[in-house]
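The values are calculated or read from the model by the stated rules, or taken from the named source; none is laboratory data. Bear in mind the structure is a predicted one, so any value in this text is a computation, not a measurement. Cβ placement follows ideal geometry from the backbone for every residue including glycine, while neighbour counts extend to all protein chains displayed. What goes into the accessible areas is simple: the full protein's heavy atoms, side chains included, and nothing from ligands, DNA or RNA. Shrake-Rupley method; radii C 1.70, N 1.55, O 1.52, S 1.80 Å.
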Amino acid sequence: MVDWLFLAKALLLGVVEGLTEFLPVSSTGHLIVVGDLIGFFNKGKVFEVAIQLGAILAVLFEYRQRFVSVATGLRSDPKAQRFVLNLLVAFLPAAVMGLLFIKQIKYYFFNPVSVATALIVGGLLILYAERRTHTARVHQVDDIGWRDALKVGCAQVLAMIPGTSRSGATIIGGMFFGLDRKVAAEFSFFLAVPTMFAATFYDLYKHRDVLSLNDAPMFAVGFVAAFVSALLAVRTLVRFIATHTYEVFAWYRIVFGVVILATWYWGWVSWNV
């Protein structure tokens, strides 16, 4: 018998993942708070990984023409070759740091105070990035050099601290390093593909023993919800930043960080991250 309430909870978490994964607001913090408030504890980490895959595929779908052109032109097109090289260069810092220090990072930073602090500090950095004099050097993704890609990749390392937000670190980092607002966002989307695919398949392999066909409906609902909502979030963000700054996300992060501290202090949410 289908548990419709359970599937509704999976649907809600899928929507939360999709809406927050590519916005600079920390999907991890949102999933923890919402998951605990609605009493969703089934499969925990594995479910989060599955719906994250749905969000990644939304980027592949939205920019499918770009990825197809890169794949078909990789042997002969210098732009395609530079695009792939930039993604590889930007991906490496987080991959190396993750392999070397992930256990220490989880031990010291996977707690509500660290998450809230990262959210608030990140919000303040966004405000600073938007209010300072910003002179953009790079106005097209194809104009990004490997040094710029490496800098953005180093910024992505900060996202290993929960609450920082992978997209927040790469977008704001890109702006600090001379990318214009739209280019920083699009490169963040593209960089998410190798980064999140690697993390997703590693986690699925690590937790393969808890996977079951009985969970297929739950995973399917969350996956589809994450895909659709992530697609809407990516499209909306690109349109939004054409005429707005990221300041609204900065204030949201600061408020959300305070909310997290409150949920932890008064015991409203079980912070077993």
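Looking only at the stretch 101-114, filter to residues that are of a type in the set (A, V, I, L, M, F, W, C) and closer than 16 Å to ALA159 by Cβ; which one of those is least open to solvent (accessible area, probe 1.4 Å)? Among those residues, the one meeting the criterion is ILE105.
Any residue that is among the hydroxyl-bearing types (Ser, Thr, Tyr) and either under 20 Å from SER27 (Cα atoms) or in a helix (DSSP H, G or I) (or both) - is there at least one of those in the stretch 237-244? Taking every residue of the stretch 237-244 in turn, none turns out to be among the hydroxyl-bearing types (Ser, Thr, Tyr) and either under 20 Å from SER27 (Cα atoms) or in a helix (DSSP H, G or I) (or both).
Against the conditions (1) in contact with a Cys (Cβ under 7 Å, 6 or more places away or on another chain); (2) over 18 Å from ALA199 (Cα atoms), ASN111 satisfies every one except (1). Within the stretch 198-253, the set of residues being open to solvent by less than 20 Å² (accessible area, probe 1.4 Å) and hydroxyl-bearing (Ser, Thr, Tyr) comprises THR200, SER229, TYR246. Scanning the stretch 12-70 for residues that are assigned to a loop (DSSP other than H, G, I, E, B) and within 18 Å of SER167 (Cα to Cα) yields a total of 6. Consider the stretch 27-82 and keep the residues that are touching a residue at least 12 places away in the same chain (Cβ under 8 Å) and acidic (Asp, Glu). The one that is nearest to ALA233 (Cα to Cα) is GLU62. Taking the criterion of being open to solvent by less than 30 Å² (accessible area, probe 1.4 Å), under 22 Å from LEU23 (Cβ atoms) and in a loop (DSSP other than H, G, I, E, B), the residues of the stretch 137-165 that qualify are ILE144, PRO162, GLY163, THR164, SER165. Within the stretch 167-197, the set of residues being open to solvent by less than 10 Å² (accessible area, probe 1.4 Å) and in a loop (DSSP other than H, G, I, E, B) comprises just one member, GLY178.
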